[in-house]
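**Q** One structure coming up, written as structure tokens, with questions to follow.
The values are calculated or read from the model by the stated rules, or taken from the named source; none is laboratory data. Small disclaimer: the values here were computed from a predicted structure and weren't measured. Cβ sites come from the backbone with ideal geometry, for glycine too, and all protein chains shown count toward neighbours. Heads up: the accessible areas ignore ligands, DNA and RNA and are worked out on the full protein's heavy atoms, side chains in. Shrake-Rupley method; radii C 1.70, N 1.55, O 1.52, S 1.80 Å.
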Amino acid sequence: FGNPEVHQVLLSPDGQWIYLVQCFRVSYFEKGEWQHGVYRVKWTDKELGAPWLGKKEPGAGDDEFNDPQGLAVDKEGRLYVCDRANNRVKVYSPDGKLAGKFEVPLPEQIAVHPGTGDIYVLSKKPDKVYDVMKSPDPITSRVLKFGPFKDGGATELARVEFLVKKQYVELMALDASASPARLWVAISAGYGTQSALTPITDEGTTLKLGTAVGEAGGLHFPVFLAADPARFYVFDRAFSN
């Protein structure tokens, strides 16, 4: 597929398709061409081809995205796409037809509970931690819970917000095996500090922030977070630990 930086990648429930959003760049230090679309490929495909959803150029129409980010699927095979710069999540049927959308401020990551259908979204600016902590906006990031997708949309049920100069959520992962459901988030206290792995428990109409696990900090520049419910592990990928 050339030299893409893959920002999000996801398998369809039947394992037949790979969904991804990505960016082409010349080198690590040079800004490349951002693709404002969602791609769908099979394991045997040799070429990326044109976007399956959206276009290479940004837009705000029903057939467009502006800075697409997180991807998720539900048990019905519907695809959820974080359309960050348009402040919305768009939902598509397995055959690529728009099923609906709902407003979310700056959605970056998304997870759908396979049992309940509840939707969890990490909302934050694309800025670096250093710039976010200097921002006049009092909120650095948010974790939001929505009810199941229904009638073309979803209703917000709960949220937890993180304040500037205090905390900034960098990553989120859902552990759907926990009862009640649990989110794991990587929280930074600012530039130069290590991120703490912290649980958030879904209490229905409240998202309860727990106590960080392990030693203080421990995640340096995390870029990936996932939960393995079968072995009770949380995995992180970082440049150093």
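**Q** Whole-Hz ³J(HN,Hα) for each residue in region 128-137, computed from phi via Karplus 6.51 cos²θ - 1.76 cosθ + 1.60 with θ = phi - 60°, x for glycine and proline: what do you get?
**A** Values, residue by residue: 6, 3, 4, 6, 4, 6, 9, 5, x, 5 Hz.
**Q** Oh, and also: Given labels modelled 7 Å from the Cα in the Cβ direction, how far is it in nm from Asn87 to Ser177?
**A** 3.9 nm
**Q** I've got another one for you. Going 7 Å from the Cα of Glu76 toward and past its Cβ, which residues in region 150-189 have a backbone nitrogen under 12 Å from where you end up?
**A** Counting only backbone N, you get 150-154.
**Q** What is the local net charge at Ser123, summed over the other residues whose Cβ is closer than 10 Å to its Cβ (Lys, Arg +1; Asp, Glu -1)?
**A** +3
**Q** What pairs in Lys75/Lys145; Lys97/Lys128; Lys101/Lys124; Lys42/Lys150 have C-alpha atoms more than 25 Å from each other?
**A** Over 25 Å Cα-Cα: Lys97/Lys128; Lys42/Lys150.
**Q** Once amide H atoms are placed 1.01 Å from N in the peptide plane, what residues at a sequence separation of 5 or more from Thr116, or on another chain, have their amide H within under 5 Å of its amide H?
**A** Result for Thr116 returns nothing.
**Q** Run the 1.4 Å probe and let me know the accessible area of Arg159, rounded to the nearest 10 Å².
**A** Per-residue accessible area (Arg159): approximately 100 Å².
**Q** Using a Förster distance of 22 angstrom, determine the FRET efficiency expected from the C-beta separation of Leu157 and Val213, and round it to 0.05.
**A** With R0 = 22 Å, the Cβ-Cβ based efficiency is 0.30.
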